[in-house]
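Structure record follows, encoded as structure tokens.
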Amino acid sequence: METISAGELKKKLDSDEEFELVNVLSKEQFMKEHIPRSVNIPLGEIGRRQHELDKDKEIIVYCKNFDCEASPKAAKKLEKLGFDDVIDYEGGIEDWKGKGYPIESSKEKN
């Protein structure tokens, strides 16, 4: 499985490169903080929500930190579902914040 570093991901975001960035943590964790431009598809929902992702684009998944197993599991699941270009950002949101890169939060919509 291919992986990406925080710096490489930051370059991709800064260059407006076309790819899908997927936070695989819970909705609550995503709303609290996430990497800009990411969408939230929790690990347990990958199978039924795969149609929300573009199989023709590179998919980068991430979770909380280097010890979190959600993103490697999500990447393997996506590969089994026929996604060819899946990359795991192993450091996750904690590594991203540790590098001083921007994060976003979301408010619940009523």
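Of the residues making up region 22-36, those that are in contact (Cβ under 8 Å) with a residue 60 or more places away in the chain and either surrounded by 18 or more Cβ atoms within 10 Å (Cβ to Cβ) or under 17 Å from ALA6 (Cα atoms) (or both) are ASN23, LEU25, PHE30, GLU33, HIS34, ILE35, PRO36.
Only one of SER5, SER71, SER15 is touching an Asp or Glu at 6+ places or on another chain (Cβ under 8 Å) and modelled with pLDDT of 95 or more; which? Please lay out each step first, then the result.
On the way: SER5 fails: touching an Asp or Glu at 6+ places or on another chain (Cβ under 8 Å); SER15 fails: touching an Asp or Glu at 6+ places or on another chain (Cβ under 8 Å).
Just one listed residue meets the conditions, SER71.
Can you confirm whether VAL39 is within 22 Å of LYS12 (Cβ to Cβ), among the aliphatic types (A, V, I, L, M) and surrounded by fewer than 16 Cβ atoms within 10 Å (Cβ to Cβ)? Yes, satisfied. For region 85-98, indicate whether the set of residues that are buried (at least 16 other Cβ atoms within 10 Å of the Cβ) and part of a loop (DSSP other than H, G, I, E, B) is non-empty. Yes. The selection criterion, being within 22 Å of LYS99 (Cβ to Cβ) and exposed (fewer than 15 other Cβ atoms within 10 Å of the Cβ), does not hold for GLU52. If you check VAL39 against the conditions, is it among the β-branched types (Val, Ile, Thr) and in contact (Cβ under 8 Å) with a residue 24 or more places away in the chain? In short, no.
The values are calculated or read from the model by the stated rules, or taken from the named source; none is laboratory data. Treat the numbers as computed from the prediction; the structure is a model and nothing was measured. No Cβ is skipped: glycine too gets one built from the backbone with ideal geometry, and neighbour counts run over all protein chains shown.
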